1. Over the chain, what is the relative contact order in percent, taking alpha-carbon pairs closer than 8 angstrom and at least six residues apart?
2. Hey, got a sec? Which chymotrypsin sites (Phe, Trp or Tyr not before Pro) in segment 108-206 land in a DSSP loop and have at most 16 other Cβ atoms within 10 Å?
3. For a 30 Å ceiling on Cα separation, which of these pairs sit above it: LYS24/LYS176; LYS63/LYS176; LYS63/LYS139?
4. Pick from GLN102, GLN92, GLN134: which is most flexible by mean-square fluctuation in a GNM of the chain where alpha carbon atoms under 10 Å apart are linked?
5. Using a simple spin-label model with points 7 Å from Cα along the Cα→Cβ vector, what separation in nm is obtained for ARG125 and LYS39?
6. With labels modelled as points extended 7 Å from the Cα through the Cβ direction, what inter-label distance (nm, one decimal) is found for ASN132 paired with ALA103?
7. Taking 0.36 nm per residue of separation and subtracting the Cα-Cα distance, what length does fully extending LEU202 through GLU52 add?
8. Quick check for me: using +1 on Lys/Arg Cβ and -1 on Asp/Glu Cβ, what's the dipole size of segment 49-116 about its Cα centre, in debye to the nearest 20?
Amino acid sequence: MKKISTLSILFFISCSLFSQSFQKGNTVVNVGTGMAIYKTYSYQKNTTGYFEDTAASYIFPVKVEYGIFDWLGAAFRFNYSNYIEGDSTNTQDINGIDLGFQANLHFVRTERLDLYIGGIASWSRLHYRENNLQSSEVKGSGTVFGTELASRFYFGETKKFGIYLSYCYVGNYYRKLKGTDAFGNSAEYYLSAEGHQIGIGLNIKL
């Protein structure tokens, strides 16, 4: 038992000292794609009715992370969302852009594997448009908060290139959306969308 325990301790020490996939001073770029499914809640302001629904989107995230410590990274986060409208006439166009920051705790770092959990805080812009005679349009800014659990895998002798897998739970909150149409009507809306994102992509260590 003593021999096994000693070997285990030496193994983990050697991994932490010589085989770190993420270290202080590293810059890692992630580029990927994925899908998101949300539960939405919305209402028009100054009215009593509200709507609950589901929404889905294709996502295209880009992230640049810098190692502050071996176990802690700070990242700039960009995400483009193209929503799946479910409209057979293709008259709707819904997209969103997120810009923000993320802090990542790297809790497993071996030679080729990097596991981390991160907290997300972003500014977001949502734009909805109907391509018909009414030309309804809703747009506005909001915030995004969430948590990401992700794994990076590195290949080759240099261990600088690889793939990543990601799962996020996020909440999108738009407290003051402005709606207009071709007939001069206008209204204000509230919208929240909370749900799950899954993604896959490439990671490059600079």
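Every number in this text was worked out from the coordinates using simple rules, so none of it is lab data. Worth saying up front: this structure is predicted, and the values here are computed from it rather than measured. When we count neighbours, we look across all protein chains shown, and the Cβ atoms used for this are built from the backbone with ideal geometry, even at glycine.
1. 22 percent
2. PHE183
3. From LYS24/LYS176; LYS63/LYS176; LYS63/LYS139, over 30 Å: LYS24/LYS176.
4. The residue with the greatest mean-square fluctuation here is GLN134.
5. 3.1 nm
6. 4.7 nm
7. Stretched out fully, the LEU202 to GLU52 stretch lengthens by 50.5 nm.
8. Its charge dipole is roughly 380 debye.
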